[in-house]
Amino acid sequence: MIEIHRCLAIGTATLAFAVASTPATAQIRATETVPVIVVLEVAADPPLNMQVVKPISFGRVTIPNKAKPDTVCSYQLGTSASAAMETSDQYAPTTITGRTPNGCQALAASHSPGNIQVRCDPGRQMSIAVGVASTKIANLTYVDTGPVALSGADPTIQFVKNHTTTCKPGKTGQAAEAMELSIGGTLAVRRDDALPVGKVLEVARITVSLAYP
């Protein structure tokens, strides 16, 4: 029994030596980076879009004086940038460019119609709709847009609120030609001591919608 035990001990020692003497295999790795690149180009214009170039501005106008109670000054702004703004009140209905008996007056040439640039597919029919939303300042009202002027390759067309037209032919080398919408309107100012003076006030917002049938 003693000799058998000794043989087992020798065999175990021999096996342990064989395992310890086997060389370890090193881990091998390779690393590389892959760049991600792109070339950007300007997209084509949408087939129908608009851009506001200039807001509708009545400039500096007066609140009616106290010569008569409940006076209303009316200021009419056309679609031409060079046109004088017409002024009137209910006691002097004839439109004038100066001051009315109740002090209604457009001060200096600080007014201008709104201007919107329109891009569309040449030759394609489109509808134009104009809507008004008042900001509800008491005794200060944007009464009506009046005529809207559409200018492009053809002579200027005027319409009121809704119109159907054909997009003007594009210019050479362009997918679409910019046309212009000019919007004026009428502003009514009622005598009110509470109206703020000397501040820029937003009286209304005009929504212009274009659509292809």
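Rule-based calculations on the coordinates, nothing more; no lab input. The structure presented is a predicted model; accordingly, all values stated were derived computationally and were not measured. Note that each Cβ is placed from the backbone with ideal geometry, even for glycine, and that neighbours are counted across all protein chains shown.
Given a Förster radius of 41 Å and the C-beta distance between S82 and I37 as r, what FRET efficiency does 1/(1 + (r/R0)^6) yield to the nearest 0.05? It would help to have the intermediate numbers written out before the result.
On the way: r = 53 Å, r/R0 = 1.29.
Here the calculated transfer efficiency is 0.20.
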Cut-off is 10 Å between beta-carbons; in what order do K199, K161, K168, K66 appear when sorted fewest neighbours first? K199, K66, K161, K168
Long-range amide H partners of G103, meaning residues 5 or more apart or on another chain whose placed amide H is closer than 5 Å, are N65
³J(HN,Hα), Karplus 6.51/-1.76/1.60, whole Hz, each residue of region 32-46, x for Gly, Pro: 8, 10, 10, x, 10, 10, 7, 10, 8, 10, 6, 5, 5, 4, x
Taking the Cα-to-Cβ direction at A30 and at A194 and moving 7 Å from each Cα, how far apart do the two end points lie in nm? 8.3
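List L187, L77 from most exposed to least, where exposure is judged by having the fewest other Cβ atoms within 10 Å.
Working: L187 23, L77 26.
Result, fewest neighbours first: L187, L77.
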Please compare each pair in K66/K161; K54/K136; K68/K161; K168/K199 to a cut-off of 32 Å on the Cα-Cα distance and tell me which ones are over it. K66/K161; K68/K161; K168/K199
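Report the charge-dipole magnitude of region 25-153 in Debye, nearest 20, computed about the Cα centre from +1 at each Lys and Arg Cβ and -1 at each Asp and Glu Cβ. Write out the running numbers ahead of the final one.
Working: 9 positive and 8 negative charges, 79 e Å.
So the magnitude is around 380 debye.
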Which of I137, I28, I206, I183 has the fewest other C-beta atoms within 10 Å, and how do the rest follow up to the most? I28, I137, I206, I183
Stretch A138-A109 to full length: gain in nm at 0.36 nm per residue minus the Cα-Cα span? 7.9 nm
Using 7 Å Cα-to-Cβ label points, what is the S57/V160 separation (nm, one decimal)? 2.9
